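Asker: Here it is, the structure, as structure tokens.
Quick note: the coordinates plus some simple rules give every number you see, no bench work behind them. Being a predicted model, the structure only gives us computed values, none of them experimental. FYI the Cβ positions are ideal-geometry reconstructions off the backbone, even for glycines, and counts take in every protein chain you see.
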């Protein structure tokens, strides 16, 4: 099996009617954040099933998928990296991590980021003291690299490591784009699931500058009384 096999499998289950809806859902129109992206109309579970049937592919074959014009082919490429990372050890993990970051800008929609970065970038950095790469991504001029920076910290949150999430959330708090507002709010909500006091302290410190969308996401699981404390 190779990249061409995966592409043919994807094309064989393409759904033009679904694709038309997804083109609108993923904002592929002129001037939108995913302008020009081409979708085949394949739901994520089906793409995952195709990837699961494939043995490990070398980076040059995965690169073909990641370079594809088709959204679902790029997703398959990044999902292959997740699959390989889960089985890799030592230097192999570092190589997959580096390859992912080299192609980070090609994870150019929120679903490509959200279902893969935590299981490669976040997982690789979990036991590392130096996580400066996340701050460099947060300082990038690229929306998708910035989203990778914050969403990758989900892995840390699961292990009750909140520092990087809060620091990167602070850096991105005044970002201009709604997709970052949502991602930051989402990760803050995940922090709150583990330790509500940590989230409340962050909200109290940053409430005046916090976008409404970020706040709404962050306090989604608060009681009505708790929400009224922050939304007025």
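Asker: Arranged from highest to lowest average of other beta-carbon atoms within 10 Å per residue, in what order do the peptides 131-138, 43-50 appear?
Answerer: The densest-packed peptide leads the list: 131-138, 43-50.
Asker: Distance between the C-alpha centers of region 65-86 and region 128-202? Whole Å please.
Answerer: What the calculation gives is 24 Å, centre to centre.
Asker: Quick check: the angle from helix 90-102's long axis to the longest principal axis of the chain, C-alpha only, nearest 10 degrees?
Answerer: 80
Asker: Who wins for biggest fluctuation among 125, 188, 207 in a Gaussian network model of the chain, springs between alpha carbons below 10 Å?
Answerer: 207
Asker: Now, a different point. By count of other Cβ within 10 Å, fewest leading, how are 187, 210, 1 ordered?
Answerer: So the residues, fewest neighbours to most, are 1, 210, 187.
Asker: What's the angle, to the nearest 10 degrees (0 to 90), between helix 196-206's Cα axis and the longest principal axis of the chain?
Answerer: Long axis of 196-206 versus the principal axis of the chain: about 80 degrees.
Asker: Shifting gears a bit: With axes computed from alpha carbons, what is the tilt in degrees of helix 163-172 against the longest principal axis of the chain, rounded to the nearest 10 within 0 to 90?
Answerer: 90
Asker: Just rank 60, 141, fewest to most, by other beta-carbon atoms within 10 angstrom.
Answerer: Fewest to most other Cβ atoms nearby, the residues stand as 141, 60.
Asker: Another question about this same structure. What is the distance, in nm, between label points placed 7 Å from the Cα along the Cα-to-Cβ direction at residue 195 and at residue 32?
Answerer: So the two model labels end up 4.0 nm from each other.
Asker: Same structure, new question: Work out, step by step, the length gained on full extension between residue 141 and residue 15: first 0.36 nm times the residue separation, then minus their alpha carbon distance; give nm to one decimal.
Answerer: Difference between extended and current length: 41.9 nm.
Asker: Taking the Cα-to-Cβ direction at residue 89 and at residue 43 and moving 7 Å from each Cα, how far apart do the two end points lie in nm?
Answerer: In this crude label model, residue 89 to residue 43 measures out at 3.8 nm.
Asker: At 222 nm, what helix-only mean residue ellipticity would the chain give, in deg cm²/dmol to the nearest 500, using -39500 (n - 2.57) for each DSSP H run of four or more?
Answerer: So the calculated ellipticity at 222 nm is -18000 deg cm²/dmol.
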